[in-house]
Structure formats: C-alpha cells, structure tokens
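Here's the structure we're looking at; comments come further down.
Read-outs throughout are calculated quantities, based only on the coordinates presented, and are distinct from any laboratory measurement. Since the model is a prediction, treat every value here as computed from it, not as a measurement. Quick reminder, even Gly has a Cβ in these numbers, built from the backbone with ideal geometry, and neighbours come from all protein chains shown.
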Amino acid sequence: MSMKKAGGLKGFLTKVSASAQKAWSTASPWGFLAYSKLTYTGFLLSTSLFVTLIPLIMEIDREGQTLKLEKLQVSDFKAKGYTDNQLLQMGFSETALYNPSVL
C-alpha cells in the first residue's frame, strides 16, 4: 500500500514547514552576509562622520563666539571714537564692523 499525502490543514502546515525550512537554509547565509556587510558599512560611516562632523560643528560654534567677541570689542572702540577705517586697519573683520544685509 502506498502512503497517502496528508491533506487539509495538516498537509498545508507540513508543506509550509518544509518550504520555510528550505527558504531558511537558503536565505540564512545570505542574510548573515548582508548583516555583516551592513554593520561594517555602518561602523565605517558612523566613525567617519564622528571624526569629521564633530570637529566641524565645534569649529563653527567657536567661529560664532569669536565673531560675537569681535563685535563687542568693535562697539567698545566705536564708543571711544575710533572710525571704521581705523578698526579695519587694526585687523577687525568687516563682518564685525557692519551688519551684513541678508535677504
């Protein structure tokens, strides 16, 4: 006598289980490879951004603080009677002397 294949819900679950095991055995190595490549790429990207972006942000902040200090010094010198040309000759930037026109 030949064995009949199970039908109904039991047959369906058996087929789903077999196809899932086959898919997992095929996809597992590819998934691990993709995971390892993505983690390596993410590590490289995050460390590169950390090394380049953080110092850039700090430098931009420092430049803003320096400009504020220069503006305070310029306003103090203007209160003492210095002209703009004298302040330019002293080495102050034009940005500290004049308010830039921004549209």
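Here are the numbers for the structure shown:
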quantity: Extended-chain gain in nm, criterion 0.36 nm per residue less alpha-carbon gap, Phe12 and Leu33; calculated: 4.4 nm
quantity: Identified option (computed Rg/Rh (Cα atoms, Kirkwood Rh); candidates (1) 1.66; (2) 1.29; (3) 0.97); calculated: (1)
quantity: Note, ³J(HN,Hα) from phi for region 52-62, Karplus 6.51, -1.76, 1.60, rounded to Hz, x at Gly and Pro; calculated: 9, 7, 4, x, 5, 4, 5, 5, 5, 5, 5
quantity: Sum of side-chain charges, Leu67 neighbourhood, beta-carbon under 13 Å (Lys, Arg +1; Asp, Glu -1); calculated: -2
quantity: Sparse-neighbour loop sites [trypsin sites (Lys or Arg not before Pro); region 43-103; at most 15 other C-beta within 10 Å; DSSP]; calculated: Lys80
quantity: Segment Ile54-Leu72, length gained on full extension (0.36 nm per residue, minus Cα span); calculated: 3.7 nm
quantity: Distance in nm between pseudo-label sites at Thr47 and Gln65 (7 Å out along the Cβ direction from Cα); calculated: 2.9
quantity: Integer Hz, Karplus 6.51/-1.76/1.60 couplings in order for region 33-38, x for Gly and Pro; calculated: 5, 5, 4, 5, 5, 5
quantity: Nearby aspartates and glutamates by direct alpha-carbon distance to Lys78 (threshold 16 angstrom, same-chain neighbours under 8 apart not counted); calculated: Glu70, Glu94
